Each structure stands twice: as C-alpha cells, then as structure tokens.
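Below is one structure, written out as structure tokens; the observations come after it.
The values are calculated or read from the model by the stated rules, or taken from the named source; none is laboratory data. A quick note: this is a predicted structure, and the numbers were derived from the prediction, not measured. Neighbour counts run over all protein chains shown; Cβ positions are idealised from the backbone, glycine included. SASA here: full protein model, heavy atoms, side chains in, ligands and nucleic acids out. Shrake-Rupley method; radii C 1.70, N 1.55, O 1.52, S 1.80 Å.
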Amino acid sequence: HMRQLVYTGDRLSQLSLNEGYYNFNNMNIQFLVDTKRLAHQAAIRLIIDNPLATTGDSLTSVPFKPYVFEQVNIFINYRPLDKKARPRDSTEHKGYHLYTFDSTFHYQPRAITYAIDLYPGGFYRKKTIDNTYSNLNALQNYKTNIQLRKDSSKPQRLIANIYLTRYPKYQITAGLESSFSDYFSFGSGFDLSLLSRNVFGGAENLKLSSSVSLGTVKTGNKNKNHAFNAIQAVAQADLSFPRFLIPFFNSEGHIRKGISPRTNLSVSLGLQNN
C-alpha cells in the first residue's frame, strides 16, 4: 500500500510538471493515513503544500501558478571549456533568439528551431524539455545542454538557454568481425564508414559505408572446399534529412513538434560470389 501511495505521488508530480508548475516536486505532497476510524480500513487524506517565497526577512506561503517561457535562447557551437568566448553573430527565427560563436551561421535557423519543442509564450512542460533533448540528439550534430532560470523581472516567467556543442564535421568508423555457423565454417569481415554532418546547412547527414566479407563454405565438391571460397562486397550511401521531404509541402509548422520527422534516401550496390 505504501508503494501505491509513492506511485500516486510520482504521478501527481509528473502531471503538475507537465501543466506548467515548474517549482512542483514530491516534497509538496503529503498523505495522512488514519486507521483508527474503521476496522481493517484506512482514511487517506491528500495534502498539497504551497511553495514558500521570501518576502523581506520572512517566508510566506504562495499558491502554485503555472510558468510561461518568456524567452528561448539557442547558442550554437557553444564551447563549454572556453569561458571567455562570446557570441559573434545573432538572428531571430519565429520568436527564437539564436546566437553563434562562429563568424557565421553554419546551420539554417529552421533546422534547429524545428527540433525544439518549447517556444516563447508557451507553458513550461517537462515533456517538452525531454522531447527537445530527444529531437536534437536525433540530429546527430550536437551535444545538448538545456538550462532554465526564472526571469527576475517578471513573475512566473522562465528563460530557457539551449547550448549546442557541435560534433566534428566528419567521423570515420571501422570494424572487424568473425563468424562461425552451419553455413560458414569460418568467416571474417571488414567495414568502413564515413559520416559527414550538415551537408547542405540544414543538419543533413551523409553516410558512406562499405564492407567486405570473406568466408569458407562447405561444398559437395572437395576440390572447391578451399579457404575463403565465398566473398561479399557492399557499398552504400545514406542521406538523412531531419524533416519530411514532400513535394510542394513545407512540413515546418504543420507537424506537431513532439514528433521527430526524418527522410532517408539510400542507395547500395552489393556483389556476392560463392
């Protein structure tokens, strides 16, 4: 029963955090259990304490009120180890304020704001923060850090600062593998891939990959049971867009931001000889 109360408290807390109550937490919830009134029954009383605010030298209880995002700032190519770095350029797109630490913007503003699920004038909701992390991570272009702070000049207002640390432009991955099965008495392979990020300035990713596999296959002909009598080679190119590519239709503003749209174009060539 105690576990059910804890579970109920967690659900109430998550519900409140997703309805704009930024300063709500489990410490504001109390359950008073009275087992003296009825035999084998308990009366449960739920109490939600108001938060405390400092007024002068005293603490006063104030009712919960939902918080709204006053401003959303996006810092591109942020360098967390360079404390003296300052943004060198700025722009605005659909209410978002974007800053870059480079001499120019390497990314189209819409490619970034499209992935952000919180917006100026919108209520604080924890799930929008989680969605923003998920969408930006899916771009595979940045390491993301979101920081929230209260606006000291306006009550129930938040300022969101989104810091994006850019990954390297190119990434090379190589791997080796070996296998044994009923078909292959022995098999080995090598694969190599090159990832190029932000190909067209809209967080598009191009991945070129190739693999070669050699194997020894048991055959009915003893003369052909030599080592590595099977070979397979594959070359593939994948181009990924962080949006829906639909002719004569701009998906920006027409698709709910909680969804992370993606269009993948892929072409491959494979050669096999057994």
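I'm told residue 49 meets every condition in (1) farther than 21 Å from residue 147 by Cβ; (2) in contact with a Phe, Trp or Tyr (Cβ under 9 Å, 6 or more places away or on another chain) except one. Can you identify the failing condition by its number?
(2)
I need the full set of residues from the stretch 27-58 which are assigned to a strand (DSSP E or B) and surrounded by 11 or more Cβ atoms within 10 Å (Cβ to Cβ), in order please.
Applying the first criterion (assigned to a strand (DSSP E or B)) to the stretch 27-58 yields 29-34, 43-48, 52-55, 58.
The answer is 29, 30, 31, 33, 34, 43, 44, 46, 48, 52, 53.
Consider residue 61 against the criteria (1) within 19 Å of residue 16 (Cα to Cα); (2) open to solvent by less than 60 Å² (accessible area, probe 1.4 Å); (3) modelled with pLDDT under 90: it satisfies all of them except one. Which criterion is unmet?
Status for residue 61: all satisfied but (2).
How about the stretch 69-172: which strands (runs of 3 or more DSSP E) wholly inside it have at least 1 residues that are modelled with pLDDT of 90 or more, open to solvent by 70 Å² or more (accessible area, probe 1.4 Å) and over 21 Å from residue 261 (Cα atoms)? Spell out how you get there, then give the answer.
Numbers: elements: 89-93, 96-100, 142-150, 157-166.
Fully inside the stretch 69-172 and qualifying: 89-93, 142-150, 157-166.
For (1) farther than 16 Å from residue 233 by Cβ; (2) modelled with pLDDT of 80 or more; (3) surrounded by fewer than 16 Cβ atoms within 10 Å (Cβ to Cβ); (4) under 25 Å from the mean Cα position of the chain (by Cα), each residue gets a yes or a no:
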{"residue": "182", "(1), (2), (3), (4)": "yes, no, yes, no"}
{"residue": "186", "(1), (2), (3), (4)": "yes, no, yes, no"}
{"residue": "203", "(1), (2), (3), (4)": "yes, yes, no, yes"}
{"residue": "213", "(1), (2), (3), (4)": "no, yes, no, no"}
